[in-house]
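Novice: Before I ask anything, let me first share the structure, which is written out below as structure tokens.
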Amino acid sequence: MVETYMQTERIQYLFTALQKKMQSELEGARLVLEHPTTLGDSCELKWIDWLKKYLPKRYCADKAQVIDSNGNLSQQIDIVIYDRQYTPFVFNDSGAVYIPAESVYAVFEVKQTLNKEYLIYAGKKVESVRNLHRTSASIIHAGGNFEPVKPKPIIGGILTYDCEWTNGLNDTFVANLKTLQNNQILNLGCSLMAGAFYINKSTDKLQISSADESLIYFFLKLLMELQRIGTVPAIDINEYGKFLTNF
């Protein structure tokens, strides 16, 4: 019994330490960097670096635009979590990254604070990705072929340092979050100083964490959703090759 308690304490300590470190880094950036654009870029990089460090290696994370096989582009997305296994190409043009829509697991908007304006803004960013066309191809294996699968829903959310609502992620936040509908829905997010939120796709129930567990709650829910998605569908290369004259 004592050993079990100590193990629980140990895990809680590790989780708390990770959150405090991230809070300290973002707070430091706010104190040092005065220009809004520079501050925004710095915070985006810190979130990307954190995800790259702790996500399983099969997942990539970058700031990018998402492109589909019809040549349509999403808006610029602060963080795209994607898979390289079945999408063999990611375009990089002088630092501008373009990721095929098929490879996307999740997209997040990064802001300094959480408020109504940024919730709506993030919803539109997420919508610009979810509206893109995604192909699916069969996969050859030792016993034959896996048939093309229907692409799974893309996770969409927002990541911030703090929250403008004095009562945190309570009634006002919930009311504003519920105004986002269809492809603008944000189903996962984190405000480091206020809490994290998660919408269960099966029950449509909104869950909110305490402020002192916001980062780890967000991360564990993200991992859980990524596990549910499994692997993104194989990209249909022919659909991208149709733009070449002799493909």
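Novice: Of all DSSP beta bridges located in segment 2-241, what percent are antiparallel, nearest 5? Please report the intermediate quantities before stating the final value.
Specialist: Values: 24 of 39 bridges.
Among the beta bridges of segment 2-241, antiparallel pairing accounts for roughly 60 percent.
Novice: Return the label of the correct value of P(r) over Cα pairs in 10 Å bins from 0, in percent, as calculated from the structure shown, out of [x] 7, 34, 40, 18, 1; [y] 7, 29, 34, 20, 8, 2, 0, 0; [z] 7, 32, 36, 16, 5, 3, 1, 0.
Specialist: The value matching this structure is [y].
Novice: Continuing with this model, one more query. Under a 5 Å amide H to amide H cut-off, with H placed in plane at 1.01 Å, what residues pair with G195 once short-range neighbours are removed?
Specialist: Excluding prolines and chain starts, which carry no amide H, there are no hits.
Novice: Note down the relative contact order for segment 2-241 as a percent, whole number, built from C-alpha pairs under 8 angstrom at least six residues apart.
Specialist: Working: 432 pairs, mean separation 44.5, N = 240.
Relative contact order for segment 2-241 comes out at 19 percent.
Novice: At a Förster radius of 41 Å, what calculated FRET efficiency corresponds to the Cβ-Cβ distance of K205 and L73, to the nearest 0.05? Kindly include the intermediate steps, with their values, before the conclusion.
Specialist: Values: r = 34 Å, r/R0 = 0.83.
Calculated value: 0.75.
Novice: Among the listed pairs K53/K178; K46/K242; K21/K152; K125/K152; K57/K201; K152/K178, which have their C-alpha atoms separated by more than 30 angstrom in this model? Spell out each step's value before the answer.
Specialist: On the way: K53/K178 32 Å; K46/K242 38 Å; K21/K152 33 Å; K125/K152 18 Å; K57/K201 25 Å; K152/K178 22 Å.
K53/K178; K46/K242; K21/K152, as the Cα separations exceed 30 Å there.
Novice: Name the residue farthest towards the positive end of the dipole of the chain from the options N200, Q181, T16, assuming +1 on Cβ of Lys and Arg, -1 on Cβ of Asp and Glu, about the Cα centre.
Specialist: Among N200, Q181, T16, the one farthest towards the positive end of the dipole of the chain is N200.
Each value in this text was obtained by applying a stated rule to the coordinates, not by laboratory testing. Predicted model, so just to flag it, every value in this text is computed and none were measured. So basically every Cβ, Gly included, is an ideal-geometry build from the backbone, and we count neighbours across all protein chains shown.
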